[in-house]
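Participant: Please see the structure below; I have some questions.
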Amino acid sequence: MKSTASLFRALLAVSMLAGCSSYRPTPAAFHEVLDQPYRLGAGDRVRVTVFEQDGLTNTYSVDQSGYLSFPLVGSVPARGHTAQQLEKEIADKLRQGYLRDPDVSVEIDRYRPIFVMGEVGAAGQYSYVPGLTVQKAIAIAGGFTPRANQESVDITRDINGKVMTGRVVTSDPLLPGDTVYVRERLF
C-alpha cells in the first residue's frame, strides 16, 4: 500500500511538471525558409523601374489580396513571388501589346512589418529591416519587462501559406511579417 502511494505521488509530480511545459519544438521549415529567396506578401512595397518609361517607374504596394496594381496592365499577382519573378511577370504583361521589349527591374522598398507582443516594454508593430534578430526586435520594443522569460520566445511565421509557431532563442533572425511573443517566466 505504501509503495502504491509513493508511485502515485511520483506520477502526479511528473504529470504536473509535464503540464507546466508548453514547449513546442520548432518545425524544420522554420529555419529552412531563412535560406530561401525572399517572397513578397501583403504590406510589402516595391520599387518598379521600367527603363525608358518614366510614366511606369514608381513605388507600388502589394495589397491585402496579394496583387500589385500596375498601370496599363492592371493587377499583377505578387504574393509568394520573388522580386525576379515579379520582374518577369510585369515584363510579360507589358509585352502583350504595350511595349516591344520592356526592361523591368524590381527591388523591395519597404518590407511588411513585424509584431512584438508579450512581456516587452512597448508591444506593437515595428518596421522590419534586413538583419533583424529577435533580440534587436525586443530592444526596439522597449526591452524585456522584469517578468519576461529571456531565454527563448515564440515566433509565428507564415511559411508557404501555412502559419507555424515555434520556440527559438533570442539570437535567431526574423523575417518580415513575423510575430514575436515574449512569454512570462515561471519563477
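Throughout, read-outs are computed from the coordinates displayed, never taken from laboratory work. None of these values were measured; they are calculated from a predicted model. Counting neighbours? That spans all protein chains shown, and the Cβs are built from the backbone with ideal geometry, glycine included.
Participant: How big is the gap, in Å, between the Cα center of region 30-60 and the Cα center of region 65-123?
Facilitator: 4
Participant: Could you estimate the translational diffusion coefficient of region 45-110 from the Stokes-Einstein equation, with Rh from the Kirkwood formula over C-alpha pairs, at 37 °C and 0.692 mPa s, in whole µm²/s?
Facilitator: D = 281 µm²/s.
Participant: ³J(HN,Hα) across region 45-50 via Karplus (A = 6.51, B = -1.76, C = 1.60, θ = phi - 60°), whole Hz, x for Gly/Pro?
Facilitator: 10, 10, 9, 9, 10, 10
Participant: Give the relative contact order (percent, whole number) for region 45-110; include only Cα pairs under 8 Å separated by 6+ residues.
Facilitator: 37
Participant: Suppose we flag trypsin sites (Lys or Arg not before Pro) only when DSSP calls them loop and at most 15 other Cβ atoms lie within 10 Å. Which is the longest uninterrupted stretch of the chain?
Facilitator: By the stated rule (loop sites, at most 15 other Cβ atoms within 10 Å), 1-99.
Participant: Please compute the length gained on full extension between Ser61 and Ile108, using 0.36 nm multiplied by the number of residues separating them and subtracting their Cα-Cα distance.
Facilitator: Here the answer is 15.9 nm.
Participant: Continuing with the same structure: Identify the chymotrypsin sites (Phe, Trp or Tyr not before Pro) of region 65-141 meeting these criteria: DSSP loop state and at most 14 other C-beta atoms within 10 Å of the C-beta.
Facilitator: Qualifying residues, ordered by number: Tyr98.
Participant: Could you tell me how many cubic angstrom of Cα convex hull volume the chain has per residue?
Facilitator: 135
Participant: What residues qualify as long-range amide H neighbours of Thr133, i.e. H under 5 Å apart, gap of 5 or more or another chain, H built at 1.01 Å from N?
Facilitator: Correct list: Leu174.
Participant: Given H placed 1.01 Å from N in the peptide plane, which residues other than close sequence neighbours of Thr57 have an amide H under 5 Å from its amide H?
Facilitator: Here Val50 satisfy the definition.
Participant: For a label point 7 angstrom out from the Cα of His31 toward its Cβ, which stretches of region 157-187 have the backbone nitrogen within less than 17 Å?
Facilitator: Taking a point 7 Å out along Cα→Cβ of His31, the residues of region 157-187 whose backbone N falls under 17 Å are 157, 165-175.
Participant: Each residue of region 90-107 in turn: what ³J(HN,Hα) in whole Hz from Karplus with 6.51, -1.76, 1.60 and θ = phi - 60°, glycine and Pro shown as x?
Facilitator: Karplus-based 3J(HN,Hα) across region 90-107 equals 5, 4, 4, 5, 5, 5, 7, x, 10, 10, 5, 9, x, 10, 10, 10, 10, 9 Hz.
Participant: Another question about this same structure. Given H placed on each backbone N at 1.01 Å, which residues far from Gly118 in sequence or on other chains put an amide H within less than 5 Å of it?
Facilitator: Under 5 Å from the amide H of Gly118 lie the amide H atoms of Val182, each far enough along the sequence or on another chain.
Participant: Next question, about the same structure. What 222 nm value per residue comes from the helices of the chain, counting each DSSP H run with n ≥ 4 as -39,500 (n - 2.57) and dividing by all residues, nearest 500 deg cm²/dmol?
Facilitator: Mean residue ellipticity, 222 nm, calculated: -7000 deg cm²/dmol.
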